[in-house]
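Participant: Let me begin by handing over the structure; questions about it come next.
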Amino acid sequence: MIGAGVILLAFIAFTQRRNPFRDLLNSRNFRDLAVYGSSILAMQYSFFVAIDVSNAGTATIMVGFGPLFIIAYSFLFKGRRPIFREFLCVFLAFVGIAFIITKGNFTGLDLSWKGSFWGIVSAAFGAVNPVQPRSVMDRIGVTSVVGWGMLIEGLLSCLFINPFASGITWNLTTFLCSLFLIVFGTVVPFCCYLKSTDYIIPSASAILNSFEPLSAVVLSVLILGTSFNVWEVLGGLAIISNMVILSWPTGKSITATGR
């Protein structure tokens, strides 16, 4: 996260010819960026706690409830009434993730109250990410918001664990692997995710985020030679159907202009 934040802020400095530190001089910007960075840390920490007390499958499925928190927030604080197809897409996303993660074997899930609780906590904080920084994004831009949010989250993480005590042997291979994770596994997805809220409502962005486990399975098939089973195919179809449903024109728009 620190590396991703530094890269993004350096990118702003070189391409836009402006000092990104000026964004912090505004008290509103500083407050919103601090909240955003803290929410990223809380989301990731609670997700890994959910894995620790249960397993990865349970944690991932619980995070699928994230869009419901966004829909509830939009209704309670923005006065936007949810529409039927949003709930339908949340259901399909949840089912699709469950089928892909479990491969149809639901006996491996550990639906203990601790695992479920921390998974839902992670989903709640994850719902903050596309909603909370909207105003500061309008003031300083997506790149600056993501850069500062990641840097703040990374620095806060250092309060809990010493990053230099990991015992990593740094060489060209580890450097390139880390750079790949920073750029393509962190910077690009976060920027695309927040930028999507310029065009569609946050709940739709969160629903489409369910493509993540599907893309992992597809890449595993293409690169690692693994195979689909029927449950994964059904899960993939459920997730893909969301894109069709969300893009289908109706009387009530789900574009960002309606937020």
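Rule-based calculations on the coordinates, nothing more; no lab input. Predicted model only: the values in this text are computed from it and were never measured. Every residue, glycine among them, receives a Cβ derived from its backbone with ideal geometry; neighbour counts consider all protein chains shown.
Participant: Taking the Cα centre of the chain as origin and charging only Cβ (+1 Lys, Arg; -1 Asp, Glu), how large is the dipole, in debye to the nearest 20?
Facilitator: Its charge dipole is roughly 840 debye.
Participant: Something else: Could you tell me the distance between the Cα centroids of segment 11-84 and segment 188-205, to the nearest Å?
Facilitator: Using only Cα atoms to place each centre, the spacing works out to 12 Å.
Participant: What does a probe at Val35 reach in segment 73-99, counting residues whose amide N is under 17 Å from the point 7 Å along Cα→Cβ?
Facilitator: 73-79
Participant: Which far-off residues, 5 or more places away or on another chain, put their amide H under 5 Å from the one on Ile200, with H placed in the peptide plane?
Facilitator: For Ile200, the qualifying residues are Ala256.
Participant: Further question: Among Val136, Ser157, Gly5, which residue has its Cα positioned farthest towards the positive end of the charge dipole of the chain, with +1 placed on the Cβ of Lys and Arg, -1 on the Cβ of Asp and Glu, and the dipole taken about the Cα centre?
Facilitator: Toward the positive end, the furthest listed residue is Val136.
Participant: Any idea how far apart Val230 and Trp113 come out in nm if each label point goes 7 Å out from Cα toward Cβ?
Facilitator: Taking the simple label geometry, Val230 and Trp113 are separated by 3.8 nm.
Participant: A further question on this structure: In debye, nearest 20: dipole of segment 1-134 around its Cα centre with unit charges on the Cβ of K, R (+) and D, E (-)?
Facilitator: My answer is approximately 600 debye.
Participant: Express in nm, to one decimal, how much length is gained between Asp52 and Ile161 on full extension, taking 0.36 nm for each residue of separation and deducting their alpha carbon distance.
Facilitator: 37.5 nm
Participant: Let me ask something else about it. Work out, step by step, the length gained on full extension between Arg28 and Phe87: first 0.36 nm times the residue separation, then minus their alpha carbon distance; give nm to one decimal.
Facilitator: Stretched fully, the Arg28-Phe87 segment lengthens by 17.9 nm.
Participant: Along the charge dipole of the chain, which of Trp113, Ser215, Phe30 sits closest to the positive end, that is, farthest toward it, with unit charges on the beta carbon of Lys, Arg, Asp and Glu (+1, +1, -1, -1)?
Facilitator: Most positive-ward Cα: Phe30.
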